[in-house]
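Shown next, in structure tokens, is the structure this report addresses.
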């Protein structure tokens, strides 16, 4: 099986002055994940590597640079799911964790479950994962936006990644800082299997992004995977999932998909969605911000 990886930096408005930063960040994430796959690493390691790059870049709403809640704090969520075993791991509303996707990965390897707040923080500490002062996840830009109550249009939502490795295994991952000004303890779709992500080697894997309260009731990721299982191409399956959301609830969302043959697809109903992709068929990764764009080779 030829490996494939696709990442998204969130679905929302991307203003002109933020395009370059989104491109650089998504390409760096894809390259980190691709290096794992290219050298024979597994899909879970590739997904973690890619998302860690996004969590380290203040352009994106995950890890460092996450949005701040009503109390002026950063609370992050993340999840990972393995398509071979259906094992999964997730954390929600945790503070002071540098890379929540790494915690989700470790939980998945340990025992499938969702750990919230202090239990997730304690798990990270006990397993030697990177922790920090909770203030260290707040960027200066984020602090000023929160302090001045600035309406932000170009802070994308959840980031994510889907990868297929040489053994034919699919893994999906998601990570988020939530929504600006959210109530303390609010949890959206990111950490919920079937909503923020899903992976099953029998059909494909999906990572979503957008308004959690809209994604959850339509079980967006599982809706997309079920469409793959019914024989739709990933582009068609992704659009079907977004159309389902549009038909039933109000809100913006996007999703990326890889099917079991290694075909990729994506769709969104937001203004933009930062996405990058790499496979053996490409000499370089490609990047785009809108579904009606052709791939931009860089």
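Values in this text are rule-based calculations from the coordinates and carry no lab data. Keep in mind that what you see is a predicted model, and the values were worked out from it rather than measured. Because the Cβ atoms are built from the backbone with ideal geometry, glycine has one as well, and the counts that use them run over all protein chains shown.
Observations
- In nm, spacing of pseudo-spin labels at residue 19 and residue 132 (7 Å Cα→C-beta vector): 3.0
- Options (i) 47, 41, 37; (ii) 79, 52, 38; (iii) 53, 43, 39 - which one matches Cα extents along the principal axes in Å as calculated here: (i)
- When you restrict to C-alpha pairs under 8 Å that are six or more residues apart and normalise by the size of the range 169-267, the relative contact order lands at 26 percent.
- Helices in the chain, meaning DSSP H runs of at least 4 residues, each add -39500 (n - 2.57). Divided by all residues, the mean residue ellipticity at 222 nm is -9000 deg cm²/dmol.
- Listed residues 257, 192, 86, most fluctuating in the chain (Gaussian network, C-alpha, under 10 Å): 86
- For the pair residue 111 and residue 229 in one chain, pulling the backbone fully straight at 0.36 nm per residue adds 39.8 nm over the alpha carbon distance.
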